[in-house]
Amino acid sequence: MPNSTVIKWLHRALTALLLLIVVGYATIHYSDVYRYYLDTKQQGNPREHLKKRTPFMVADTGSARITGYGSHVNVTITGRIYSFTNSDLFYAGNVAILPVIDLNATGVY
């Protein structure tokens, strides 16, 4: 085989190997995203209702412990938080409530 043909085949093999490594890395480090909303249970299709709302927290774990009493909401989470806001509101009947959200987070390195 001429040298140019060997170089072409080595280039193709190296390209395929690098592509396989990148795809494998992306597959291993893929994480789900969990969105947390302050809302009561809705009748009907919840997706239609959630299109109008924004989450108060977006994280990579679905095991956040959220408790509430009155207008206080306590959030305990271990994991990576992508976004968080403590200025969210929810409705109890027709009354808008602006809760105090206390966040206790432990990060993961």
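The values are calculated or read from the model by the stated rules, or taken from the named source; none is laboratory data. Just so it is clear, the structure is predicted and the values come from calculations on it, not from any experiment. Backbone-built Cβ (ideal geometry, glycine too); neighbour counts: all protein chains shown.
Structure values in brief
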{"item": "Selection count where residues are of a type in the set (D, E, K, R) and closer than 19 Å to Asp32 by Cα, scope segment 59-109", "result": "3"}
{"item": "All positions within segment 23-44 that are surrounded by 10 or more Cβ atoms within 10 Å (Cβ to Cβ) and either touching a helix residue (DSSP H, G or I) at 6+ places or on another chain (Cβ under 9 Å) or in a helix (DSSP H, G or I) (or both)", "result": "Val23, Gly24, Tyr25, Arg35, Tyr37, Asp39, Gln42"}
{"item": "Any chance Gly68 is of a type in the set (Gly, Ala, Ser), surrounded by 12 or more Cβ atoms within 10 Å (Cβ to Cβ) and touching a Pro at 6+ places or on another chain (Cβ under 9 Å)", "result": "yes"}
{"item": "Those residues of segment 45-59 which are within 18 Å of Gly93 (Cα to Cα) and either outside the structural domain of Ile97 (by TED's automatic domain parsing) or part of a loop (DSSP other than H, G, I, E, B) (or both), in sequence order", "result": "Lys52, Arg53"}
{"item": "Matching residues in segment 81-109 - criterion: being within 20 Å of the chain's Cα centre (by Cα) and either of a type in the set (Gly, Ala, Ser) or loosely packed, with under 15 Cβ neighbours inside 10 Å (or both)", "result": "Tyr82, Ser83, Thr85, Asn86, Ser87, Asp102, Asn104, Ala105, Thr106, Gly107, Val108, Tyr109"}
{"item": "Strands (runs of 3 or more DSSP E) wholly inside segment 60-107 that include at least 1 residues being free of Cβ contacts under 8 Å to residues at least 40 places away in the same chain and out of contact with any Cys (no Cβ under 8 Å at 6 or more places or on another chain)", "result": "65-69, 72-78, 81-84, 95-97, 100-106"}
